[in-house]
Amino acid sequence: MVRHSSTSCPDVPQQPILRSIALHLLPGALATIVYIIAAPFLNSLGYPSYFAFLLVGLLVLVPFELGFLFYQGKKRNGTLSLNGIVLYREPMPVKQYVLFAATLLLYAIFILVVVYPPIAQVLIKALFFWLPDWFFLSLSLEYSKSVLLMTALLGLVVNGFVAPITEELYLRGYLLPRISRLKAWAPFINAVLHSVYHFWMPWQVPGLILMGLPAAFAVWWKRNIYLGMIIHVVGNVLGSMVTLASILSLP
């Protein structure tokens, strides 16, 4: 491994680009394979495919990424520590957290709610029409309110907090610093690969790239993964709360 020095993360071990690509994409590929196996089975038991995906995230995606990080910590430190493994933890003034997070969240919401939905529908009809209905992470009213409520609450926990925090630790705190030799290309590559990693919803990948690029550049520029966590968690929690509120309003 080549070693690269930087003022913020001195002596960061750099990864070959092919290894970095593999580590970016492997968790998403593994989770998608398990999801494809689990979703039809859970559908047959009366659970929506979104519930299946949340379980896969909790039982496959999160353990893989955290397990990899702690394995690297054990090798480096001799204990289950992330010291020297998860980087980009430089302090930032509170005002900058608020400014960056608010700006990037508003941008992401604009892309997600206004700009990208029509594009996603075009892609689904043109390229992904052949996928079964359950592949689209459905949460329709055909399920009982109790099942929908349980799924929404699980989504708030897993998609709102557990998964985004884990992804930021793994993707921005571990993988991004280890391609820092590429300079401004590093956050670009990291954001694109993070988006492609969502194999379970390929029609959303272009939109995820549009949403994720500014946040990845902000984390890289400020050397601060907590900024990425705040944006990721708050955005996901808002989406989960909207889903939960709509289910609670059902008769």
- Note on the structure: Checked pairs for the stretch 209-222, first under 17 Å from residue 167 (Cβ atoms), second crowded, with 23+ Cβ neighbours inside 10 Å and among the hydroxyl-bearing types (Ser, Thr, Tyr), C-beta under 9 Å and 6 or more apart or across chains, list as 219/88; 220/88
- Those residues of the stretch 87-107 which are part of a helix (DSSP H, G or I) and touching a residue at least 40 places away in the same chain (Cβ under 8 Å), in sequence order: 96, 97, 100, 101, 104, 105, 107
- Query: So which of 180, 195 is free of Cβ contacts under 8 Å to residues at least 24 places away in the same chain and in contact with a helix residue (DSSP H, G or I) (Cβ under 9 Å, 6 or more places away or on another chain)?
  - Reply: 195
- Task: Filter the stretch 9-23 down to the residues that are surrounded by 15 or more Cβ atoms within 10 Å (Cβ to Cβ) and assigned to a loop (DSSP other than H, G, I, E, B), then identify the one that is modelled with the lowest pLDDT.
- Result: 9
- List the number of the failed condition for residue 53; all other conditions in (1) exposed (fewer than 14 other Cβ atoms within 10 Å of the Cβ); (2) in contact (Cβ under 8 Å) with a residue 60 or more places away in the chain; (3) assigned to a helix (DSSP H, G or I) hold. (1)
- Task: Can you confirm whether the stretch 79-86 contains a residue that is of a type in the set (S, T, N, Q), more than 17 Å from residue 165 (Cβ to Cβ), open to solvent by 60 Å² or more (accessible area, probe 1.4 Å) and assigned to a helix (DSSP H, G or I)?
- Result: no
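The values are calculated or read from the model by the stated rules, or taken from the named source; none is laboratory data. Here the structure is a predicted model, which is why all the values come from computation and not from measurement. Every residue, glycine as well, gets a Cβ built from its backbone with ideal geometry; the counts of neighbours run over all protein chains shown. Side chains included, ligands, DNA and RNA excluded: accessible areas come from the protein's heavy atoms. Shrake-Rupley method; radii C 1.70, N 1.55, O 1.52, S 1.80 Å.
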